[in-house]
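Chemist: Structure incoming, see below.
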Amino acid sequence: MKNTYGTSVAVTLFGESHGTCIGAVLDGLAPGIRVDEADISHLLTLRRPDGKISTPRKENDVFSIVSGVLNGRTTGTPITILIPNENVKSGDYATLQTVARPSHADYTAQCKYHGFQDARGGGHFSGRITAALVAVGAICKSALEQKGIYIGTHVKKCAGISDRDFGDLQRDIKCLNEKTFAVLEDACADTMRAAILAAAEEGDSVGGVLETAITGMPAGVGEPWFDSVESLLSHMMFSIGAVKGIEFGDGFAISDKKGSKANDPMKVEDGKIVTVTNHNGGINGGITNGMPIIFRTAIKPTPTIFKPQNTVDFNTMTETVLQPKGRHDPAIVHRARAVQDAATAIVLCDALALRYGTDWLKG
């Protein structure tokens, strides 16, 4: 029953979708790091529902930092953040205690927790829990920015509609971190929104692809085998419930290239070793090479749809037809971008602390 990620810098999540509150504990972060609550509020805002393309459930996400921060600086002890659940309608889930929603965790939760799980709103499996991950991840993201490391994620694809590729990374990342709907080509936002709304009107949902860029990471971070940077990021990304795939650099497309096209030639530029191209996404042998880290995740369509679906009642072992009720997102890819940023920041803080020591993030 583990809900903790990380070795030197670790995060533990707790709470349920319709419980009193959700929260997270961030342990191992160095003392003296500046914590601005406005940074946390901003990233939580980017995760919140966005009009008709999101769930009608609106939470204020008024968080409380109850330990680990004093006078705007980390103390070095565990940071605990609490976020109350205020807008719940548990009655919508009364009939789902024993009826599995297709592609949700209802049946697997039953197998693991033997009927004692909180099924309201998806319980501990709900995307609601990602708000706590975003809150502590925002602290990590800010700590990285104080060291010149920046993270930005955009909706690369949604409902089959593609955004442009990254260009000027520093400018693109800064721009993305201010956008509610994170695309690089503004016109794509309207097209994607329209596709999400069309799916919602049909009682259906859509998925997408998120692409993340990381700049400023020093070369030499990561391990060659089981704790490669790809392994660490993949471990964390697959902790986000909707993620079903991940690729780095050119990803699966690199398999179609010859070595002469897939390799990244090297040169010296301004006294630093860099690569001319970045097909490998800033990682060689599991270790950062100093180039931008680029990766993409596949986000599945929201599994709860307002169409009849065949399923089972696992208490009576009978087949039935489910017509879901409640408040659900017709797409979550645009909201998951803030979660991916936060999760990435936690991974990098842990990896950097392991490489250089816990105080490196402060110095």
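The values are calculated or read from the model by the stated rules, or taken from the named source; none is laboratory data. What you are looking at is a predicted structure, and each value in this text was computed from that prediction instead of being measured. Neighbour counts run over all protein chains shown; Cβ positions are idealised from the backbone, glycine included.
Chemist: Just one of the numbered conditions (1) within 25 Å of Q340 (Cα to Cα); (2) crowded, with 20+ Cβ neighbours inside 10 Å is not true of V99; which one?
Modeler: All conditions are met except number (1).
Chemist: I need a count of the residues in the range 142-162 that are part of a strand (DSSP E or B) and of a type in the set (A, V, I, L, M, F, W, C). Even if it seems obvious, please write down each step before you answer.
Modeler: Filtering the range 142-162 down to residues part of a strand (DSSP E or B) leaves 150-158, 161-162.
Then drop every residue that is not of a type in the set (A, V, I, L, M, F, W, C), which leaves 151, 155, 158, 161.
Final tally of qualifying residues: 4.
Chemist: So which residues in the range 8-28 are touching a Lys or Arg at 6+ places or on another chain (Cβ under 9 Å), of a type outside the set (D, E, K, R) and in a loop (DSSP other than H, G, I, E, B), if there are any at all?
Modeler: S17, H18, G19
Chemist: Let me ask something else about it. Restricting the range 4-21 to residues that are at pLDDT below 95 and not small (G, A, S), which is surrounded by the most Cβ atoms within 10 Å (Cβ to Cβ)?
Modeler: In this case the residue turns out to be E16.
Chemist: Quick check on this structure: which one of G137, G115 is in a loop (DSSP other than H, G, I, E, B) and within 30 Å of G245 (Cα to Cα)?
Modeler: Values: G137 fails: in a loop (DSSP other than H, G, I, E, B).
It is G115.
Chemist: Which ones in the range 208-248 are assigned to a loop (DSSP other than H, G, I, E, B), in contact with a strand residue (DSSP E or B) (Cβ under 6 Å, 6 or more places away or on another chain) and buried (at least 19 other Cβ atoms within 10 Å of the Cβ)?
Modeler: M217, V221, G222, A242, listed by residue number.
Chemist: Of the residues A119, A94, A132, A38, only one is closer than 17 Å to H18 by Cβ and at pLDDT 90 or above; which?
Modeler: On the way: A119 fails: at pLDDT 90 or above; A94 fails: at pLDDT 90 or above; A38 fails: closer than 17 Å to H18 by Cβ.
From the options A119, A94, A132, A38, the qualifying one is A132.
Chemist: Does the range 299-316 hold any residues that are out of contact with any helix residue (DSSP H, G or I) (no Cβ under 7 Å at 6 or more places or on another chain) and in a loop (DSSP other than H, G, I, E, B), and which are they? Outline the logic, then answer.
Modeler: As a first pass, look at the range 299-316 and keep what is out of contact with any helix residue (DSSP H, G or I) (no Cβ under 7 Å at 6 or more places or on another chain): 300-313, 315-316.
Selection gives K300, P301, T302, P303, T304, I305, F306, K307, P308, N315, T316.
Chemist: If you check every pair at least six apart or on different chains, which have Cβ atoms under 7 Å apart with a residue in the range 257-271 that is of a type in the set (D, E, K, R) first and a residue that is surrounded by 10 or more Cβ atoms within 10 Å (Cβ to Cβ) and modelled with pLDDT of 95 or more second?
Modeler: D264/T275; D264/V276; D264/T277; D264/N278; D264/H279; D264/N280; K267/V274; K267/V276
Chemist: To continue, here is another question. Quick one: is G148 within 30 Å of T75 (Cβ to Cβ) and modelled with pLDDT of 95 or more? Spell out the reasoning first.
Modeler: On the way: within 30 Å of T75 (Cβ to Cβ): yes; modelled with pLDDT of 95 or more: yes.
So G148 fits the description; yes.
Chemist: On to the next question. Just to be sure, is S54 closer than 19 Å to R128 by Cβ, of a type in the set (S, T, Y), at pLDDT below 95 and within 21 Å of the chain's Cα centre (by Cα)?
Modeler: Values: closer than 19 Å to R128 by Cβ: yes; of a type in the set (S, T, Y): yes; at pLDDT below 95: yes; within 21 Å of the chain's Cα centre (by Cα): yes.
So S54 passes the test.
Chemist: Let me ask something else. Going residue by residue through the range 270-286, is there one that turns out to be within 24 Å of the chain's Cα centre (by Cα) and within 17 Å of V155 (Cα to Cα)? Before you say what the answer is, go through the steps one by one.
Modeler: At the first step, the residues of the range 270-286 found to be within 24 Å of the chain's Cα centre (by Cα) are 278-284, 286.
If we keep only those that are within 17 Å of V155 (Cα to Cα) as well, we get none.
Within the range 270-286 (the criterion being within 24 Å of the chain's Cα centre (by Cα) and within 17 Å of V155 (Cα to Cα)), the answer is no, since none of the residues qualifies.
Chemist: Can you confirm whether V276 is touching a Lys or Arg at 6+ places or on another chain (Cβ under 9 Å), surrounded by 15 or more Cβ atoms within 10 Å (Cβ to Cβ) and modelled with pLDDT of 95 or more? Break it down into steps so the answer makes sense when it comes.
Modeler: Numbers: touching a Lys or Arg at 6+ places or on another chain (Cβ under 9 Å): yes; surrounded by 15 or more Cβ atoms within 10 Å (Cβ to Cβ): no; modelled with pLDDT of 95 or more: yes.
Taking the combined requirement at face value, the residue does not satisfy it.
Chemist: I'd like the residue in the range 105-141 that is hydroxyl-bearing (S, T, Y) and surrounded by fewer than 24 Cβ atoms within 10 Å (Cβ to Cβ) and, out of all such residues, is nearest to T215 (Cα to Cα).
Modeler: The initial filter retains those residues of the range 105-141 that are hydroxyl-bearing (S, T, Y), namely 107-108, 113, 126, 130.
Applying the additional criterion that residues be surrounded by fewer than 24 Cβ atoms within 10 Å (Cβ to Cβ) yields 107-108, 113, 126.
Numbers: Y107: 41, T108: 38, Y113: 41, S126: 31 Å.
In this case the residue turns out to be S126.
Chemist: Taking the options C158, C188, C111, C140, name whichever one is in contact with a strand residue (DSSP E or B) (Cβ under 8 Å, 6 or more places away or on another chain) and free of Cβ contacts under 8 Å to residues at least 40 places away in the same chain. Spell out the reasoning first.
Modeler: On the way: C158 fails: free of Cβ contacts under 8 Å to residues at least 40 places away in the same chain; C111 fails: in contact with a strand residue (DSSP E or B) (Cβ under 8 Å, 6 or more places away or on another chain); C140 fails: free of Cβ contacts under 8 Å to residues at least 40 places away in the same chain.
Every option except C188 fails the conditions.
Chemist: Among P308, P303, which is the only one that is more than 20 Å from I173 (Cβ to Cβ), surrounded by fewer than 16 Cβ atoms within 10 Å (Cβ to Cβ) and at pLDDT below 95? Spell out how you get there, then give the answer.
Modeler: Working: P303 fails: surrounded by fewer than 16 Cβ atoms within 10 Å (Cβ to Cβ).
Step by step, each of P308, P303 is checked, and only P308 is more than 20 Å from I173 (Cβ to Cβ), surrounded by fewer than 16 Cβ atoms within 10 Å (Cβ to Cβ) and at pLDDT below 95.
Chemist: Hey, among the residues in the range 312-359 that are of a type in the set (K, R) and within 30 Å of P218 (Cβ to Cβ), which one's farthest from the chain's Cα centre (by Cα)? It would help to see each step written out before you state the result.
Modeler: So the first thing to find is which residues in the range 312-359 are of a type in the set (K, R), and the list is 325, 327, 335, 337, 355.
Next, only the ones that are within 30 Å of P218 (Cβ to Cβ) stay: 337, 355.
Values: R337: 6, R355: 23 Å.
Among those that are of a type in the set (K, R) and within 30 Å of P218 (Cβ to Cβ), it is R355.
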